[in-house]
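Quick note: the coordinates plus some simple rules give every number you see, no bench work behind them. Predicted model, so just to flag it, every value in this text is computed and none were measured. Cβ placement follows ideal geometry from the backbone for every residue including glycine, while neighbour counts extend to all protein chains displayed.
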Amino acid sequence: MATQVQASFFETTYATLSVIGLNNVFVGLIIAGIVGEFSVVLLVPIITSAACALGNGLGYYAWGSDYPVVNRAVAAAFSNFTWMIQEAGLPFYGYAILAPVLCGIERVIFLTIFWGLMVVIFFFRIAVLVLDTRYVIINDPSPDHLALHTALVDRLHLAYFLPIAMAETVSAVFLLMKFSRTLRASKLGGLGGGGRLYRYLMCSTEIRLASLAFIGIGRAITFSFRVEGSFRVEGPYPLAGQVDRFMYILGCLFPFIMFIDILASRLIFTDENSKRSNNIDSVPSDDYTASRLQHSACKRYDINGFATPHVECSVVVTNMASRRLSSGQTVGSGSRDTCMTA
């Protein structure tokens, strides 16, 4: 589906979107240098941004050039695959936070729903990949063939974008339930500082849910209204094509929300830990030793500052310490077992 009037790469929107993806990757690397680690949570926006840059570069090669048909068909296949990584990879941000802290039946339900949606997403994107590759190989520019191809691809994209929004919704629901329970536990345990962290995490989850659901549902709608002119690499574009490109650009910029969330949550988490450490003198030495043991035992669940077990363990320690302060007892070995199952 090469265009009649060829445009160089940097004269097209493909180039702009690729640069946005590259910029996001560099920002992610800078943040990794600031926090001193590559956590799973941080890798999600970096990988999706790299897929954005690569996918749009391959998209230009496939749809905006006059290279040999076989080369363009291969580029079309790989561009579809990388776009799937970019778009379907965004819900893994919530997954990376949530999966390590869920247990029991909640974990089974969440993993079943989430991965079921991922399978649906994969199936429909592969179907689009096959149709696009076939269209390039056949190389039939007739209006009837283009209309048939567009109709099929639009319907598949409608079934492709909705599960992406649903996957983010599922992650957000389980995250909000987990955060709200831990927030209540921190209040009952007298940890006012922990409440600030979890109020922020709940707010950021709601923002991510609203943003990604808007993008996913919006693209499902706008993509289905595209017409033939929307495939042009170079403008002018019809209104439906412009709206669809706007929604896609929002998806390309979505990793910035994740980067801000990572830095802000780490800042709040560090601030709360600093405030908590200023109060250690009020806890007997045996209780403080038990607190550190519990903190270390739970640290394996920490995902770049999203430490639900940390607050839960601190609630346990605070309650136990207050009881022992009033009774004059020392902390036994059972306190560590309590933390390990938090």
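So what does log10 I(q)/I(0) come out to for region 1-146 at q = 0.09 Å⁻¹, using the Debye formula with one equal point on every Cα and no solvent?
-0.38
Using 0.36 nm times the number of residues separating Leu267 and Glu11, minus their current alpha carbon distance, what extension gain do you get?
Difference between extended and current length: 88.1 nm.
For an R0 of 22 angstrom, estimate the FRET efficiency from the Cβ-Cβ distance between Leu176 and Ile221 and round to the nearest 0.05.
Values: r = 26 Å, r/R0 = 1.18.
With a Förster radius of 22 Å, E is 0.25.
I want to check the label-to-label distance for Lys275 and Thr112. Put each point 7 Å from Cα in the C-beta direction and report it in nm to one decimal.
In this crude spin-label approximation the distance works out to 4.0 nm.
Could you give the nm distance between label points at Tyr67 and Phe256, where each point is 7 Å from its Cα heading toward the beta carbon?
About 3.0 nm separates the two model spin labels.
To one decimal place, what Kirkwood hydrodynamic radius in Å is obtained for region 86-274 from all pairs of distinct Cα atoms?
Values: mean 1/r = 0.0534 Å⁻¹.
For region 86-274, inverting the mean 1/r across all distinct Cα pairs yields 18.7 Å.
Which one, Val153, Ile126, Asn139, projects farthest toward the positive side of the charge dipole computed for region 86-274 from Cβ point charges (K/R +1, D/E -1)?
Highest projection toward the positive end goes to Ile126.
Residue by residue through region 198-214, which ³J(HN,Hα) values in whole Hz follow from phi under the Karplus form 6.51 cos²θ - 1.76 cosθ + 1.60 (θ = phi - 60°), with glycine and proline marked x?
Once θ is set to phi - 60°, the couplings for region 198-214 become 6, 5, 5, 4, 5, 5, 5, 5, 5, 5, 4, 4, 4, 5, 6, 5, 4 Hz.
Please compute the modelled spin-label separation between Ile105 and Asp140, points set 7 Å along Cα→Cβ, answer in nm with one decimal.
5.5
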